[in-house]
Each structure stands twice: as structure tokens, then as C-alpha cells.
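The values are calculated or read from the model by the stated rules, or taken from the named source; none is laboratory data. Remember, predicted model here, so these are calculated numbers, not experimental data. A quick note on method: Cβ atoms are made from the backbone with ideal geometry, for glycine too, and the neighbour counts reach across all protein chains shown. Side chains are part of the model used for accessible areas, which takes the heavy atoms of the whole protein and leaves out ligands, DNA and RNA. Shrake-Rupley method; radii C 1.70, N 1.55, O 1.52, S 1.80 Å.
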Amino acid sequence: MRKIIAFALLAVMGCGESRVESVKNIDFESVEKVSTDLLIEKAVPLASDSTELLGEYLWVMYDEDGFYAMNNYRGKGIHHFSTDGKHLGMVAEIGEAPGQVPEIRNFRILGEEVLVNSGMGNSLELHAFSKTGELLKSTPYSINAFAFYPVNKDEVWFYSSYNSVAGDHRLFVVDGAGEVKKELLPNDFNEKMLPMDEQSFFEGNEVVLFRESFKGNVYQLSEEDSLKEVYTFDFGANSVPEKFWKMDAFEGMEMISKQGFSNITFLEENDRYFVAYVDYQKERDSKKTLYVWNKKTDKDFVMEIDEELGYFNSLIGLQGDQLVFIAYSPYLVRNSEKLNLSDKAKASLAAVTEDSNPVILYAKIPE
């Protein structure tokens, strides 16, 4: 397993959760606001392919071998692109033929393999594909979950969200043979709560970070198969109230929509920065905000993302001192005069049209 940073325990909270001395408390409403005129230092257009044109709403993962992308809606499978944007083929295809899978609910990269979660009801299968598209192995699990994170080939974490129909617990640790090793976070919410098919596991600084929808707590996975809290966001008046958890799902969503609420949707951390994407919604009003903490200077700030411009709407990673986004090409073309581009990035975007595949953007984090 990845190296885990050791923390002294302050108090044990039970259910596999613990609070640690070094929890960073973030008063979100009081954090300094800065400009979002980020310098795009590098742009990587993803080559178009006759198989499928990628749209605005994507699942994207990347590693040293390139980018892996799939359309959220009616996707045909997972496309593999090199680090310079060349299309390398399909890693996993949806279908009924040998070597294909009936659906893809989520996917992750583990070394030289791409792991795919598919399944319905109270069971799922975790399929291992080579990066060249060969189906290597399929392992069934008697759980219902969308989000997952493979720590190694014999330790995978799954998260099933709040709906009690999904099981007695929300978080599971499983082995490579299909057995559940440990269950965490009892699913004792109202049975009418709706499950959230969202990413819950994110890359930390040699650790794995975990969050749940509508909560401000961020945890890291520990070597003892438990959770340790490392960040807490206080959203003030935009926090989801406690009574929400006991309400009917639709009544609860109506309540927080009228009140306005904030929700963490993306996290990542390296040795220098911690970043979090926070969505705010109040009825038809919505906005995206990017939180950045520079751990070297202990300075933090937030940037409000202009969703109308669109090209910073989808954060997919943190690379050194750069934020990594995937941008829908029509946004880049329509707002070309507003882009803050290095000469290198400008040259890379010269041939991009509204009909092109999305583009990977590397934007410098402001000091």
C-alpha cells in the first residue's frame, strides 16, 4: 500500500472514522478570493477518432501512460490517449461480444491494468483490462457500489452511498478473490435517501483521500482499514443541516435547494498543494469554486469559476504546481480571445475547432 502519513489520534469516533490532531479546519466563507485568470501553460488536444466523439461530460483518469476518457452518457467504452493526445485505441468496450462488458459504472487505473466496475442490484463485477484492451480477469462481489479505489491487487475499497437498499454499510474493503474483508460506515440513514453515483476516492500525497456527498469532512484511508479525518470544510450557512439526513429524499433536496448548499466534488493533494472543487447550488443558481492551499507558505485562497466560459469547469488533477483540466472544445473556440495562453499552449490550440475532441489544459496555480 502507499506510504501512509502517521498522525497521533485525538479521539476515536467509531464506525471506522477517527479524528486526528492535524485536522485542518477550513472556514470556507472567510477564505481570500482571487482572480481566475489562470495562465494555461500547456494544452494537449485529444485526437478525434471515428469510434466516438467525446462530449462535455466525461469520466477521465490519467497516469504516466496517458489519458483514459469515457462519455458519461451512452459511452461506447474507455478511450486511451497518449500523453501528447494520440488516440491509442479502446481499453474496454461496452457490448455483449467476448472481451466486452455489458456496462461501465466506473473505472480506475492500477499499474498496467485498467479496472472496470460493472453490475446491477446487489452484485457487481470488477473487470481487469490491459491497456491494450485485453480482458484479463473478472471478479464478482456480492455488494452494490459505484465508487471504488484499488490500493493494490488484493485490497480494493468500494463506496455505495447512503441508500440503505444498497446494504447495511456504505464503505467496504474487499480482497482480490471477491471476499469482503471489512465493512465501515453503517448505513443507518432514512431508507428513502437516494444513492449518489459520484467519485468518492481521490489522490492524496502518497495517501488516498475520501469524501461523501453533502458533507464537509475529508478523510484518508489508513493502513488499519479505517478512516482518519484530515480536512474539515465549514460552509457556514451553506452547510447541509442535520435534519436533512432523516428526511424523505425529495423533501430534503427541496429544502437544501431553497436554502442553498455547498458540496465537495473533487479533491487532490501533493507535497505542496491541496485543492478542492466545491459546487454551490441554490434553486437555479449554481457556481463552482476552486479552493487551493499552498502547504509551503500556508496561504489559501478560492477562485470562483465562470461556468459560462466553461474551459475550467472540469478539474481532473494536480500536477506539480499546475491544475489539470479537461475542456470541451466549443468552450475554447468561442472564448479564444479570453484565454490566458503561453505561446506553447496557443500553438497547440491553433487547429482546434468546435468539432474537435476535448483538450487537456495545464494551468499554473497562482502564488
Count neighbours as other Cβ atoms within 10 Å of each site's Cβ, and list the trypsin sites (Lys or Arg not before Pro) in region 289-336 that are DSSP loop with at most 10 such neighbours. Lys296
Roughly how far apart, in whole Å, are the Cα centres of region 147-183 and region 341-367? 38 Å
Can you give the net charge of the other residues whose Cβ lies under 13 Å from the Cβ of Leu124, counting K and R as +1 and D and E as -1? -2
Grab the other residues whose beta carbon is less than 11 angstrom from that of Asp154, score K and R as +1, D and E as -1, and report the net. -1
Based on the Cβ-Cβ distance from Met255 to Asp49, what FRET efficiency comes out when R0 is 41 Å, to the nearest 0.05? 0.35
Carbon and sulfur atoms account, in whole percent of the 1.4 Å probe accessible area of region 281-320, for 36 percent
Relative contact order, percent, of the chain when contacts are C-alpha pairs under 8 Å separated by at least 6 residues? 18 percent
accessible surface per residue for the chain, probe 1.4 Å, DNA/RNA/ligands not counted, whole Å² -> 45 Å²
Rounded to the nearest 0.05, what FRET efficiency do Lys296 and Glu96 have when you use their Cβ-Cβ distance and R0 = 45 Å? 0.30
Simple SL model, points at 7 angstrom along Cα→Cβ for Tyr73 and Leu309; separation in nm is 2.6 nm
Distance violations [Cα-Cα > 24 Å] among Lys228/Lys296; Lys24/Lys243; Lys131/Lys295; Lys42/Lys282; Lys24/Lys153: Lys24/Lys243; Lys131/Lys295; Lys42/Lys282; Lys24/Lys153
Over region 86-150, what is the relative contact order in whole percent, taking alpha-carbon pairs under 8 Å and six or more residues apart? 28 percent
Starting from the Cα of Ser336, step 7 Å along the direction of its Cβ; do the same at Asp37; then give the gap between the two resulting points in nm. 2.1 nm
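Express in nm, to one decimal, how much length is gained between Ser82 and Lys364 on full extension, taking 0.36 nm for each residue of separation and deducting their alpha carbon distance.
99.3 nm
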Under 14 Å, Cβ to Cβ, from Gln199 - net charge with Lys/Arg +1 and Asp/Glu -1: -3
What is the spin-label model distance, in nm, from Asp285 to Thr265 if the labels are put 7 Å beyond Cα along the C-beta direction? 1.8 nm
Projected onto the charge dipole of the chain (unit charges on the beta-carbon of Lys, Arg, Asp and Glu, signs +1, +1, -1, -1), the Cα from Phe148, Ala347, Leu209 with the largest positive-side position is that of Ala347
So if I take the centroid of the Cα atoms in region 23-86 and the same for region 87-108, what is the distance between those two points in Å? 19 Å
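In debye to the nearest 20, how big a dipole does the chain give about its Cα centre with +1 on each Lys and Arg Cβ and -1 on each Asp and Glu Cβ?
Result for the chain is approximately 260 debye, rounded to the nearest 20.
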Summing -39500 (n - 2.57) over every DSSP H run of at least 4 residues in the chain and dividing by its residue count gives a helix-only mean residue ellipticity at 222 nm, to the nearest 500 deg cm²/dmol, of -2000 deg cm²/dmol
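Counting alpha carbon pairs within less than 8 Å and at least 6 residues apart, what relative contact order, in whole percent, applies to region 126-267? Intermediate values should be presented prior to the final figure.
Numbers: 262 pairs, mean separation 23.1, N = 142.
Once normalised by length, the contact order is 16 percent.
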